[in-house]
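Working notes, structure below.
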Amino acid sequence: PDAKNLANLMQNVLNAVIATYTSYTMPLPGRRYWTLGAPAVDCEQVVVTMLQMYIGSPGDEATTPRRCNDPRSATLLVQISREVPTVGQNGRAPSADAIQDSSEISAYDAWILLDSARQLDQWDPANFGLGVIATVETNSPEGGFQTVTMTITMAVP
C-alpha cells in the first residue's frame with residue numbers, strides 16, 4: 001500500500017486544484033491528468049507532474065543525512081495551459097485587447113493556483129501536514145498556448 005502514496009498524492013493534488021477552481025466558478029480545460037516527466041502542451045489541459053521526491057520535510061536543505069523513516073517530500077508542478085491569440089493567417093498580429101483578455105485569464109489562473117496550495121497541506125480532513133512551499137510563474141506563449149505553472153513542495157502523506 002505504501003507504494004501507492006505518490007500516485008495517491010498526485011491524484012489528490014489534481015482533485016484539490018479542480019475543487020478550488022470549482023469554488024471560484026472558473027472553468028478548467030477538460031483534459032486533466034497527472035504524469036511523470038514533462039507533458040506535451042498540444043492542447044488546453046491541466047497537468048500535475050512530479051519533479052522530484054526526497055527524504056525530509058518540505059524545504060529541508062539536505063545538508064545532513066536523514067533517516068529513511070523521516071518524512072518524504074515531493075516537488076510537483078501543476079500546469080494549466082490555455083490557448084492564446086496568435087498571428088492570423090493574414091499575417092496580422094493579434095490585437096492588444098485580445099492579448100490582454102487572454103492575459104487576464106492567465107492572471108486568474110495564477111491567483112487560483114496559488115490559492116489551491118492551502119488545500120494541499122492536509123493529510124486528512126482534521127490535520128494539517130508539514131507545510132508547503134509554493135510559487136507560481138507564467139511562461140511565454142509557445143505554439144499557441146500559454147502555461148501557468150505552480151511549483152509546490154509538500155510532504156507525501
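The values are calculated or read from the model by the stated rules, or taken from the named source; none is laboratory data. In this text, all values refer to a predicted model and were calculated from it rather than measured experimentally. No Cβ is skipped: glycine too gets one built from the backbone with ideal geometry, and neighbour counts run over all protein chains shown. Calculation scope for accessible area: heavy atoms of the full protein, side chains included, ligands and nucleic acids excluded. Shrake-Rupley method; radii C 1.70, N 1.55, O 1.52, S 1.80 Å.
Counting only residues that are within 15 Å of D121 (Cα to Cα), out of contact with any helix residue (DSSP H, G or I) (no Cβ under 8 Å at 6 or more places or on another chain) and of a type in the set (S, T, N, Q), how many does segment 13-28 have?
Qualifying residue count for the region: 1.
Considering only segment 43-52, state which residues are under 13 Å from V13 (Cβ atoms) and surrounded by 15 or more Cβ atoms within 10 Å (Cβ to Cβ).
Within segment 43-52, V46, V47, V48, T49, M50 meet the criteria.
Going through segment 97-114 one residue at a time, which ones are modelled with pLDDT of 95 or more and hydrophobic (A, V, I, L, M, F, W, C)?
Passing the criteria: I105, A107, A110, W111, I112, L113, L114.
Go through segment 108-123 residue by residue and tally those that are under 17 Å from the mean Cα position of the chain (by Cα) and either among the basic types (K, R) or open to solvent by 60 Å² or more (accessible area, probe 1.4 Å) (or both). Give the steps one after another, and end with the answer.
Filtering segment 108-123 down to residues under 17 Å from the mean Cα position of the chain (by Cα) leaves 108-122.
Okay, now just the ones that are also either among the basic types (K, R) or open to solvent by 60 Å² or more (accessible area, probe 1.4 Å) (or both), so 108, 111, 114, 118-119, 122.
Result for segment 108-123: 6.
Every residue, every condition in (1) among the hydrophobic types (A, V, I, L, M, F, W, C); (2) within 19 Å of A110 (Cα to Cα); (3) surrounded by 12 or more Cβ atoms within 10 Å (Cβ to Cβ); (4) free of Cβ contacts under 8 Å to residues at least 12 places away in the same chain, yes or no:
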{"position": "P1", "(1), (2), (3), (4)": "no, no, no, yes"}
{"position": "L6", "(1), (2), (3), (4)": "yes, no, yes, no"}
{"position": "M10", "(1), (2), (3), (4)": "yes, no, yes, no"}
{"position": "Y21", "(1), (2), (3), (4)": "no, yes, yes, no"}
{"position": "T25", "(1), (2), (3), (4)": "no, yes, no, yes"}
{"position": "L28", "(1), (2), (3), (4)": "yes, yes, yes, no"}
{"position": "R31", "(1), (2), (3), (4)": "no, yes, yes, no"}
{"position": "V41", "(1), (2), (3), (4)": "yes, yes, yes, no"}
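Hey, among the residues in segment 139-157 that are at pLDDT below 95 and closer than 15 Å to I105 by Cα, which one's least open to solvent (accessible area, probe 1.4 Å)?
Once the filter is applied, the top-ranked residue is G144.
Hey, can you tell me all the residues within segment 103-153 that are of a type outside the set (A, V, I, L, M), part of a helix (DSSP H, G or I) and either touching a residue at least 60 places away in the same chain (Cβ under 8 Å) or under 19 Å from L14 (Cβ atoms) (or both)? Don't jump to the end; show me each part of the working.
Initial filter on segment 103-153 (of a type outside the set (A, V, I, L, M)): 103-104, 106, 108-109, 111, 115-116, 118-119, 121-125, 127-129, 131, 135, 137-147, 149, 151, 153.
Adding the requirement that they be part of a helix (DSSP H, G or I) leaves 103-104, 106, 108-109, 111, 115-116, 118-119.
Once the filter is applied, which keeps residues that are of a type outside the set (A, V, I, L, M), part of a helix (DSSP H, G or I) and either touching a residue at least 60 places away in the same chain (Cβ under 8 Å) or under 19 Å from L14 (Cβ atoms) (or both), segment 103-153 yields Y108, D109, W111, D115, S116, R118, Q119.
Restricting to segment 59-102, count the residues that are free of Cβ contacts under 8 Å to residues at least 40 places away in the same chain and open to solvent by less than 60 Å² (accessible area, probe 1.4 Å).
Final tally of qualifying residues: 7.
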